Amino acid sequence: MDNASIFLDSHVTVAQPGYDKNQMVLNEVYRIGNNPVIVTPNQYWSPGQKLQPRPSRNNFGGITINAAIIVRDSWDTFLDLRYRKSNTLSKGTYVLMLHISRLLNFTMNLTKTDTWGYPKKNSPCYDGVIGLLECHDVEISANGLLQREARMDRVDYAGETVDFGGKFRFLKPALSEISIIYTLPFKATVWIAYIVILAIMTIMLYISQRLEHHMDPTKQTVLFGDTVLNSVAVVCQEGTSRTPDSFSSRIIFLFILILSLFLTASYSAIIVSLLQTSSNAINDLKELLDSSFTLTMRDIVYNFKLVNDTRDPLIKKLFYERLYSVPYHKAFVTQEEGVENMRKGLYAFYGESDAYWIMSDTYEEEEKCMLKEIQINAYDMLAYPVKKGSQFRDFIKRKTYQLREAGLTSREHKIWFAQKPKMWRFWSWICKRSY
């Protein structure tokens, strides 16, 4: 059995007769990497008995596994927190893989590359991490990568780590910038009720004034059109050409004045409030595409190749109608430029969570409060790719879940990745009520 391909993830049990004719001796056999075959201690089984749990295989015995890693700067400062703002995704997920290697007791022989892995021109092969895994130069990746359909037939994925953080970010626009606020204060039913009540009071005022003329024919005759014009003048905060003389007419006229006062005061107060209110009308990619926002993306390889990795019609529309239709330098910009342009309003920038570092340093508290995000991919979790059919896949997958359940993933995420800008306690209270 020394040459048998019985790998770590296989389930091979050798059964031999025991000392008792009704008893069997069971041994599991497997191989870790290219090491000699391992035979587990004897387990005894008789008909009618339950099989004992399989012994754990979570100790790889200190073997060395070839792994790929993305390094775009000096290796000497790779794990130095002072340089965490550079190549953050690679550094943060590598630290988590170090935890996994300690839990499973293996070391990594690292092969460095500078890209995640994209199709080569005029070649069916990929470069970067995916290419190394596909060509069997390495067994696993020490970095988490996005799970994309185009890569599924080339590599397997072994457990999710952290969120990629790629989102459209923008400052919520003022309601007056995207809506006609003068139609917003009252619903149609309020206007209908107001007009009906005003019409009833106008008719009552006309009847009262006609009775007043009937009792004193020397007074000027009142026409219905004059009464209507007087009511309209009151609503428009103008004076009237005639003041009622009788007590009943004055009471009705007073009610019209009060009705007009309440309408004007309420309408004005709501308008002032709406002028200070930000809009929540944009909540997904479709609404963002239909808006008047200027859309840009961070100038990195992944972003302008994203359109090749998706079948989502909205993402294709984003690229072909909003990005590729303008000059390259206007559609794909640096992180610093995109974050700064967001402050001008009606500007949405797509980037990773690294943008939070710039926002924390430069944004005012009110701007942090108005920040909104839209995720364009349904699923953006990074996962560790491994060689197709790798024997280590399930073990790494279980340990990634164990790290998340133990809180280590969250801890390392807070250390290595930029967090959404926090506001002072007072501004946080204001934000919840105003924005």
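The values are calculated or read from the model by the stated rules, or taken from the named source; none is laboratory data. Everything numeric in this text was worked out from a predicted model, so none of it was measured. Note that each Cβ is placed from the backbone with ideal geometry, even for glycine, and that neighbours are counted across all protein chains shown.
See the values below:
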read-out: Within segment 290-318, considering residues that are of a type in the set (A, V, I, L, M, F, W, C) and surrounded by 19 or more Cβ atoms within 10 Å (Cβ to Cβ), the one farthest from Phe170 (Cα to Cα); value: Leu306
read-out: Subset of segment 30-49 [within 30 Å of Ala67 (Cα to Cα), exposed (fewer than 13 other Cβ atoms within 10 Å of the Cβ) and more than 46 Å from the chain's Cα centre (by Cα)]; value: Pro36, Val39
read-out: Count - residues of segment 53-95 that are in contact with a helix residue (DSSP H, G or I) (Cβ under 8 Å, 6 or more places away or on another chain) and either closer than 22 Å to Gln335 by Cβ or assigned to a loop (DSSP other than H, G, I, E, B) (or both); value: 18
read-out: Condition check for Arg242: charged (D, E, K, R), without any contact (Cβ under 8 Å) to a residue 60 or more places away in the chain and touching a helix residue (DSSP H, G or I) at 6+ places or on another chain (Cβ under 8 Å); value: yes
read-out: Number of positions in segment 265-289 that are surrounded by 13 or more Cβ atoms within 10 Å (Cβ to Cβ), of a type in the set (Val, Ile, Thr) and over 17 Å from the mean Cα position of the chain (by Cα); value: 3
read-out: First in segment 76-97 and farther than 17 Å from Glu160 by Cα, second anywhere and among the basic types (Lys, Arg), Cβ under 8 Å, 6 or more apart; value: Phe78/Lys91; Leu79/Lys91; Arg84/Lys91; Ser86/Arg72; Asn87/Arg72
read-out: Failed item in (1) under 30 Å from Lys414 (Cα atoms); (2) surrounded by fewer than 15 Cβ atoms within 10 Å (Cβ to Cβ), with Asp20 passing the rest; value: (1)
read-out: Test: residue in segment 120-136 that is of a type outside the set (Ser, Thr, Tyr), within 21 Å of Arg393 (Cα to Cα) and surrounded by fewer than 16 Cβ atoms within 10 Å (Cβ to Cβ); value: yes
read-out: Single condition Lys219 does not satisfy, out of (1) basic (Lys, Arg); (2) at pLDDT 80 or above; (3) over 30 Å from Gln276 (Cα atoms); value: (2)
read-out: Residues satisfying the stated conditions in segment 233-249, i.e. surrounded by 14 or more Cβ atoms within 10 Å (Cβ to Cβ) and not in a loop (DSSP other than H, G, I, E, B); value: Ala233, Val234, Val235, Ser248, Ser249
read-out: Neighbours by Cβ (under 8 Å, 6+ apart or cross-chain): first from segment 300-316, without any contact (Cβ under 8 Å) to a residue 40 or more places away in the chain; second part of a helix (DSSP H, G or I) and among the small types (Gly, Ala, Ser); value: none
read-out: Filtered residues of segment 324-349 (kept if within 21 Å of the chain's Cα centre (by Cα) and either outside the structural domain of Leu288 (by TED's automatic domain parsing) or part of a loop (DSSP other than H, G, I, E, B) (or both)); value: Thr334, Arg343, Gly345, Leu346
read-out: Restricting segment 164-181 to residues that are in contact with a helix residue (DSSP H, G or I) (Cβ under 7 Å, 6 or more places away or on another chain) and of a type outside the set (Gly, Ala, Ser), the residue that is surrounded by the fewest Cβ atoms within 10 Å (Cβ to Cβ); value: Ile181
read-out: Selection count where residues are part of a loop (DSSP other than H, G, I, E, B) and either of a type outside the set (Gly, Ala, Ser) or within 17 Å of Ser56 (Cα to Cα) (or both), scope segment 7-40; value: 18
read-out: Residues of segment 50-74 satisfying the condition of being among the aliphatic types (A, V, I, L, M) and over 38 Å from the mean Cα position of the chain (by Cα); value: Leu51, Ile63
